[in-house]
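First the structure, in the form of structure tokens, and then the observations on it.
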Amino acid sequence: MKKLLIQNFVVAIAMAIGASTFAQSPNNASRQRKATADSTSPAAADTKPSDASTTANPSGDKSKDKNKPAEVTADAQTNRTDQASEEAAIVPYYNNFFTTYRLGPEDVISVTVFGQDRYSKQGIKIPPSGRVSLALIPDGIFVNGKTVDQVAELIKKRYDEYILAPQVSVSLDQAGSYRYSVVGDVGQPGIRLMTRRLSVSEAIAEAGGVLQTGNRKKIVVLRKQANGSLAQIPVNLSAIYRGQAPDSIYLVPGDQVIVPGNTLKKMQTIMGFTQVLSFARLFTGGW
């Protein structure tokens, strides 16, 4: 009996020792850690959406910044202002020439009647008679000496008999009747077409410029007056080039620009006469 009690006591002690050893084993510790991690993971998952929402805001701000228009620098604004002012200064320069342009032979015009293509006509070359024919106007319209606006008004009055409230516009496609001449000591003297407003210095430049034998200080513009006489307009091109005088004399159709010779030209002329006289002595036996 005592022996049986001793054996049961020994077995109980052994089981207690085994249970404590199992509780302290590494596998059991890892299982406990895993269970702890699993229990904390939902809480971490609950916090992730808030983090994502906080990180999404910066990207949203960046997208908003991209949609904002780029700011214009001060230099860009200055360049735009300069271009606009330059255009405003140049456009009237050319428009003034064409709005006051008087039509003549060899000019090419186009007549447009809004909404009436069969009454419109393009590329009309004005004949020497100055009369152009149009649809429903067999006798034509006399256009010589008139501006494009005046011609449009004449056509409008004639078409008013056939068209209700006609809208007519006349455009100058090619200027061919305005002419001027540059003669004297220039590179390419002759008669030229005036297709835009020209100053005296520009006209001389288009004629090849003044030669070394030309006098830049005594250039003369001959302009026909109403009574038929020619008026002389002096131009000092040297003063214009030096900035001492404005380049404010503009040509009108029929002007003649004369560039006289200078002292060098006179000397060359005298030397030419001397050579002719020397050559003549060979035939006269000397003087």
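Look at the alpha carbon pairs under 8 Å that are at least 6 residues apart: their mean separation over the length of the stretch 99-174 gives a relative contact order of 39 percent. Here the simple spin-label model places points 7 Å from the Cα toward Cβ, and for residue 238 and residue 191 these points are separated by 3.3 nm. Placing dummy labels 7 Å off each Cα toward the beta-carbon, the span from residue 121 to residue 161 is 1.6 nm. Listed by Cβ neighbour count within 10 Å, with the fewest neighbours leading, 179, 118 appear as 118, 179.
Nothing charged except the Cβ atoms of Lys and Arg (+1) and of Asp and Glu (-1): what's the magnitude of the dipole of the stretch 99-174 about its Cα centre? Round to the nearest 20 debye. All intermediate terms of the calculation are to be shown ahead of the outcome.
Details: 9 positive and 9 negative charges, 17 e Å.
Dipole magnitude for the stretch 99-174 comes out near 80 debye.
Our estimate of slack between residue 133 and residue 263, defined as 0.36 nm per intervening residue step minus the Cα-Cα distance, is 41.2 nm.
Taking the Cβ-Cβ separation of residue 169 and residue 212 as r and a Förster radius of 51 Å, what is the calculated FRET efficiency to the nearest 0.05?
Details: r = 50 Å, r/R0 = 0.98.
After rounding to 0.05, the efficiency reads 0.55.
FYI, it's all coordinate maths here, none of it is from the lab. Keep in mind the model is a prediction, meaning the values are calculated, not measured. Backbone-built Cβ (ideal geometry, glycine too); neighbour counts: all protein chains shown.
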